[in-house]
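The numbers here are math on the coordinates, done by the rules we state, and not lab data. Predicted, not measured: the structure shown is a model, and the values here were computed from it. For neighbour counting, all protein chains shown are included, and Cβ atoms are generated from backbone atoms with ideal geometry for every residue, glycine included.
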Amino acid sequence: MTAQILRFPTLAGTLWNNPSWIRNLSLAFAGAILLTVSAKFEVPFYPVPLTMQTFAVLGIGLVYGSRLGAFTVLLYLFAGAAGMPVFAGTPEKGIGLAYMMGPTGGYLLGFVLAAMLTGWLAERGWDRKISTTFFAMVAGNAVIYLFGITWLGSLVGWDKPVFAWGMVPFLAGDLFKIVLAMIVVPGAWKLLNAKS
């Protein structure tokens, strides 16, 4: 007898309970647009300006689930690889595969796996409570940093201060985004449950 893991419906699946390719493609395109917008707008923050991109990546995972979340991020990356200026700093810092092979390439790869991980955790109910949402967001951020720092270190050399360049300046902003997700996602579930 095999143990079965209880799978919870995602927020997107609960709000739009019609699993079809039209729904999935619509949500993926909407998510890719959200990722683009989140990459383009900077909010003044300390010590570096803040974009909401990692919030959008991890939030898409929490709301869409693992497969649709990962597909959405892949769609966004495909648009960037095709030369569309969807990434932060594009087109000024380059576009397409040349941009993706630069210092941020590992973070972009980490986006896919982070969305998949937070989506997988959401499918196990981790998006329903503040405490578990916190851990899901921390885990997603850890994946992004793991791939981002590894790529950056390989690219510029481990003798350089890669953690000081690629992680430390962003920690305060990421904490802000984690707290925001802890309010927004479980709050959406609470509101949805109150209405039903």
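Computed quantities for the displayed model
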| read-out | value |
| --- | --- |
| In the chain, lysine pairs with alpha-carbon atoms under 18 angstrom apart (chain gap of 8 or more, or interchain) | 5 |
| Highest to lowest packing among 104-117, 23-36, scored as the average C-beta count within 10 Å | 104-117, 23-36 |
| Over the range 53-196, relative contact order from alpha-carbon pairs under 8 Å, at least 6 apart, % | 29 |
| Under-5 Å amide H pairs with L50, H placed in peptide plane, nonlocal only | V43, F45 |
| For the chain, the spread of Cα positions along each principal axis, largest first, Å | 52, 43, 34 |
| Difference of contour (0.36 nm per residue) and Cα-Cα distance, S154 to V48 | 35.8 nm |
